[in-house]
Amino acid sequence: MEKFTTLTATACPLGLSGVDTDQILPARYLKVKRAAGLGAYLFHDLRRDESGELRGSFPLNKPQWRDARILVAGRNFGGGSSREAAVYALYDAGVRCVIAPSFGDIFSQNATKNGLLTAVVSESDSEAITEAARALPVTVDLQACRIVCGNQTWAFSIDPARRERLINGWDDIAMTESFRAKIASFRANDAAANPWKYPA
Amino acid sequence: MAVNSHSAAVPMNQRQTLFDKVWSAHEIVRQESGESLLWVDRHFVHEGSFQGFDQVKARGGRVAEPSLTFGVADHYVPTRNRPAIASPEIARMVEQLDENTRANGVTLFGLNDPRQGIVHVIGPEQGLTLPGLLIVCGDSHTSTHGAFGALAFGIGASEVAHVLMTQTLWQKKPKRMRVIIDGKLPEGIGAKDIALTLIAKIGADGAQGHAIEFAGTAIRALSMEARLTLCNMSIEAGARCAMIAPDATTFAYLKGRPYAPKCEAFEHAVAYWRTLHSDEGASFDREVALDASAIVPVVTWGTSPEHALPIDACVPDPARESDETRAKALSDALDYMGLKPNQKLTDIRVDRIFIGSCTNARIEDLRAAAAVLDGRVSKVPGLVSPGSSAVKRQAEEEGLDRIFRAAGLEWAESGCSMCVGINGDLVASGERCASSTNRNFRGRQGPGARTHIMSPAMVAAAAVSGHLADARPLLAGRKS
Ligand code: SF4
């Protein structure tokens with residue numbers, strides 16, 4: 001997994017709260033294999049009208065934000081479905097960080113597994129960042145848990161375990177390998193103590 | 001309420017919640033960072049889990065515990081003209097699950113299996129879901145299984161791959177929230193009304209980062225089916241999971257189920273299951289209380305499950321919202337839904353109805369809808385897709401299918417169907433659907449579709465009225 005330490009990039013203010021994973025990636029694109037890339041389907045139905053034309057009013061379609069690598073959103077970003085492909089769509093479109101007052105739990109977890117930072121800020125800071133980002137690029141510093149734009153600075157929060165994973169680019173499955181013996185003995189004890197848990 | 005007679009003897013610092021007990025029974029390792037490596041007792045996979053299987057293949061791995069992994073074909077399966085699948089792309093999704101489970105020796109409840117159905121309906125039905133188990137699935141509504149006192153939650157594809165390869169999962173312990181619902185539910189009020197009342201109160205992110213425990217006299221009085229609906233909807237409040245302490249209702253439901261322990265093993269398990277309740281005085285990070293007797297039929301008007309109101313209310317007016325961000329969110333939702341501020345909810349006409357999904361398509365749900373529909377005709381077209389093939393057979397034995405058909409509704413096979421529309425069962429753009437499902441998100445039932453979620457009885461009331469309507473007068477003098 002790609003490491004995340006600091007990122008300076010254009011930040012697009014989405015101006016929307018409650019952007020659920022069905023809006024990030026509509027269910028009909030869930031058939032697409034990861035290898036094929038999902039960036040083209042990001043926010044598909046918000047971004048495009050029924051004939052498939054880009055909606056000029058959607059922030060990411062505006063020339064200044066087309067290449068944004070940071071998004072600023074309202075509360076409850078990524079609530080709803082557990083589809084990790086919503087994270088793939090963001091990542092494949094170049095987004096590496098979403099700043100919002102709150103995130104869906106499963107979405108944040110999925111983001112961490114893919115090198116996408118979900119930075120939690122207060123509602124008022126989110127509005128202030130939204131304003132500041134209209135004119136200037138934003139720096140997100142994961143070491144210091146700090147967002148900088150021009151001469152303004154805001155703190156953000158992230159679970160310490162998630163922060164550590166992102167900074168180091170750790171791979172969970174490789175990490176778990178080192179606990180093989182413990183897992184095996186847990187299983188053996190559990191099967192002996194609770195045979196009813198194990199279907200014949 | 002389940003109160004352990006020995007609880008008074010448990011020292012304060014050792015008093016545990018139900019959630020704590022099940023969590024610690026699965027903890028293999030705890031890291032300094034606060035994350036734990038947890039053992040997984042049951043892993044359900046479906047057609048959408050291919051992203052997880054692909055990751056396993058890319059690593060040259062295989063399924064570590066095939067006997068604890070179960071495949072279910074539900075998300076993409078057709079609900080008509082089975083077993084043919086018209087779209088090759090959709091057929092490929094079902095085949096892929098077949099191949100992935102077969103290659104790893106995993107049991108599959110496939111398209112033609114008589115036990116097929118929606119994963120969160122058949123887990124309990126088959127006795128795979130048991131109290132005290134840790135259950136995961138690459139689907140957010142896995143919270144459903146918590147109705148049995150299991151610790152059950154949804155995971156993403158990378159976590160699916162991790163569980164497939166190791167039968168374990170890294171998780172940080174969520175906070176604990178207790179929702180106490182005391183009192184007696186009025187006639188005609190279902191678990192869906194409780195859930196939507198709670199979500200409207202605490203918000204669609206109100207339980208974020210929390211494991212909910214539902215407790216109180218009203219919860220004790222709920223059937224297993226109703227408890228499943230309630231725990232299912234907890235994800236719509238943002239909860240990581242929800243649990244209900246197992247009791248006599250739980251044990252009676254499980255006895256004799258195909259995968260449930262048998263004879264002595266069952267008694268042994270019940271003895272353990274009886275210890276699965278929060279100790280008296282155990283502490284919660286947050287407590288919320290609802291009065292069951294005050295709950296009324298609720299419907300959603302907007303594009304989030306928190307946009308829920310009693311059926312006799314009016315659509316909100318953004319002009320009356322002082323907060324600018326909130327006012328904009330309200331008017332965006334009204335725009336999408338094609339509604340006007342202050343419009344009466346009962347004046348909202350519907351174009352079609354859907355009864356189905358892991359939330360409300362169990363036998364009791366179908367009975368509740370049929371009680372309203374019996375001898376009446378639906379004013380709009382609609383689809384009824386039972387939660388499982390077993391539910392379908394039982395409904396047919398009881399003659400419910402005839403009531404739905406006589407009302408002019410289509411009686412279909414079981415699957416996720418119009419809850420998410422990826423099998424092709426879609427609501428057309430601009431159409432308004434009264435639905436027994438769980439999400440009224442924009443485009444959830446199809447691009448441009450407008451969804452109002454409510455209980456199955458309320459969906460039936462909307463069908464016979466042609467607009468959103470209170471089911472209670474239609475149930476007067478009937479057995480619901
Ligand atoms: S019925 Fe709907 S919510 Fe339930 S598992 Fe299927 S798609 Fe998900």
The lone exception for B:SER322 - which of (1) hydroxyl-bearing (Ser, Thr, Tyr); (2) within 16 Å of the ligand (Cβ to nearest atom); (3) without any contact (Cβ under 8 Å) to a residue 60 or more places away in the chain it fails:
(2)
Failed item, numbered, when B:THR300 is tested on (1) touching a residue at least 60 places away in the same chain (Cβ under 8 Å); (2) over 30 Å from B:ASP401 (Cβ atoms); (3) hydroxyl-bearing (Ser, Thr, Tyr)
(2)
Scanning the range B:230-275 residue by residue, the ones that are small (Gly, Ala, Ser), surrounded by 18 or more Cβ atoms within 10 Å (Cβ to Cβ) and facing another protein chain (nearest Cβ under 9 Å) total 4
Given the residues A:TYR88, A:TYR41, which is the only one that is at pLDDT 95 or above, farther than 26 Å from B:ALA211 by Cα, in contact with a Leu (Cβ under 9 Å, 6 or more places away or on another chain) and at the interface with another protein chain (Cβ under 10 Å from one of its Cβ atoms)?
A:TYR88
Is it true that A:PHE43 is surrounded by 16 or more Cβ atoms within 10 Å (Cβ to Cβ) and touching a strand residue (DSSP E or B) at 6+ places or on another chain (Cβ under 9 Å)?
no
When you check A:SER157 against the structure, is it closer than 22 Å to A:ASN110 by Cα, among the small types (Gly, Ala, Ser) and modelled with pLDDT of 95 or more, yes or no?
yes
Single residue of A:ARG96, A:ARG48 found to be within 28 Å of B:ALA237 (Cα to Cα) and either away from chain B (no Cβ under 14 Å) or more than 16 Å from the chain's Cα centre (by Cα) (or both)
A:ARG96
Tell me which residues, restricted to the range A:140-185, are touching a strand residue (DSSP E or B) at 6+ places or on another chain (Cβ under 8 Å) and among the hydroxyl-bearing types (Ser, Thr, Tyr).
A:THR153, A:SER157, A:THR176
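Each row is one residue, and each column tells you yes or no for (1) crowded, with 22+ Cβ neighbours inside 10 Å; (2) more than 16 Å from the ligand (Cβ to nearest atom); (3) within 14 Å of another protein chain (Cβ to nearest Cβ).
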| site | (1), (2), (3) |
| --- | --- |
| B:VAL288 | no, yes, no |
| B:CYS314 | no, yes, no |
| B:ASP335 | no, yes, yes |
| B:ARG349 | no, yes, no |
| B:ARG352 | yes, yes, no |
Scanning the range B:383-419 residue by residue, those touching a residue at least 24 places away in the same chain (Cβ under 8 Å), at positive phi and away from the ligand (no atom under 16 Å from the Cβ) turn out to be B:GLY408
The one condition in (1) in contact with a helix residue (DSSP H, G or I) (Cβ under 8 Å, 6 or more places away or on another chain); (2) more than 12 Å from the ligand (Cβ to nearest atom) that B:GLN126 fails to fulfil
(1)
Looking at B:GLY448, B:GLY430, B:GLY408, B:GLY415, which one is surrounded by fewer than 21 Cβ atoms within 10 Å (Cβ to Cβ), at pLDDT 95 or above and more than 13 Å from chain A (Cβ to nearest Cβ)?
B:GLY408
Identify all residues within the range A:82-102 that are farther than 17 Å from A:GLY15 by Cβ and among the small types (Gly, Ala, Ser); write none if there are none.
A:SER82, A:ALA85, A:ALA86, A:ALA89, A:ALA93, A:GLY94
Suppose we keep only residues that are modelled with pLDDT of 95 or more and touching a helix residue (DSSP H, G or I) at 6+ places or on another chain (Cβ under 8 Å) within the range A:163-193. Which one would you say is surrounded by the most Cβ atoms within 10 Å (Cβ to Cβ)?
A:LEU166
Of the conditions (1) under 21 Å from A:ILE173 (Cα atoms); (2) out of contact with any His (no Cβ under 9 Å at 6 or more places or on another chain), B:ARG42 clears all except one; give me its number.
(2)
Filter the range B:81-128 down to residues that are assigned to a strand (DSSP E or B) and crowded, with 24+ Cβ neighbours inside 10 Å and give me whichever is nearest to the other protein chains (Cβ to nearest Cβ).
B:PHE109
Filtering the range A:151-195 for residues that are more than 7 Å from every other protein chain (Cβ to nearest Cβ) and part of a loop (DSSP other than H, G, I, E, B) leaves a count of 8
The one condition in (1) in contact with a Gly (Cβ under 7 Å, 6 or more places away or on another chain); (2) surrounded by fewer than 21 Cβ atoms within 10 Å (Cβ to Cβ); (3) farther than 17 Å from B:ASN440 by Cα that B:ARG376 fails to fulfil:
(1)
Going residue by residue through the range B:183-202, is there one that turns out to be more than 30 Å from B:LEU345 (Cβ to Cβ) and of a type in the set (A, V, I, L, M, F, W, C)?
no
Taking only pairs six or more apart or across chains, which ones have beta-carbon atoms under 9 Å, a first residue in the range B:66-83 that is of a type in the set (Lys, Arg), and a second residue that is within 16 Å of the ligand (Cβ to nearest atom)?
B:ARG80/B:ALA412; B:ARG80/B:GLU413; B:ARG80/B:ASP425; B:ARG82/B:LEU111; B:ARG82/B:GLU413
The residue from B:GLN116, B:GLN96 that alone is over 15 Å from B:THR69 (Cα atoms) and more than 16 Å from the ligand (Cβ to nearest atom) is B:GLN96
Matching residues, the range B:434-455, being away from the ligand (no atom under 12 Å from the Cβ) and either among the hydrophobic types (A, V, I, L, M, F, W, C) or closer than 10 Å to A:ASP22 by Cα (or both):
B:ALA434, B:ARG442, B:GLY443, B:ALA449, B:MET454
Within the range B:27-80, restricting to residues that are among the aliphatic types (A, V, I, L, M), part of a loop (DSSP other than H, G, I, E, B) and away from the ligand (no atom under 16 Å from the Cβ), the one that is farthest from A:ASN194 (Cα to Cα) is B:VAL63
Residues of the range B:161-194 that turn out to be more than 8 Å from chain A (Cβ to nearest Cβ), β-branched (Val, Ile, Thr) and within 16 Å of B:PHE53 (Cα to Cα), as a count:
1
Considering every residue within the range A:102-116, establish whether at least one is buried (at least 21 other Cβ atoms within 10 Å of the Cβ), more than 9 Å from every other protein chain (Cβ to nearest Cβ) and under 19 Å from A:ASP67 (Cα atoms).
yes
Subset of the range B:356-381, residues within 12 Å of the ligand (Cβ to nearest atom) and over 15 Å from B:GLN394 (Cβ atoms), comes to B:GLY356, B:SER357, B:CYS358, B:THR359, B:ASN360
Identify, please: which residue in the range B:56-80 is over 22 Å from B:HIS141 (Cα atoms) and not charged (D, E, K, R) and is, among those, nearest to the other protein chains (Cβ to nearest Cβ)?
B:SER67
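The values are calculated or read from the model by the stated rules, or taken from the named source; none is laboratory data. Treat the numbers as computed from the prediction; the structure is a model and nothing was measured. Note: ideal-geometry Cβ built from the backbone for every residue, glycine included; neighbour counts use all protein chains shown.
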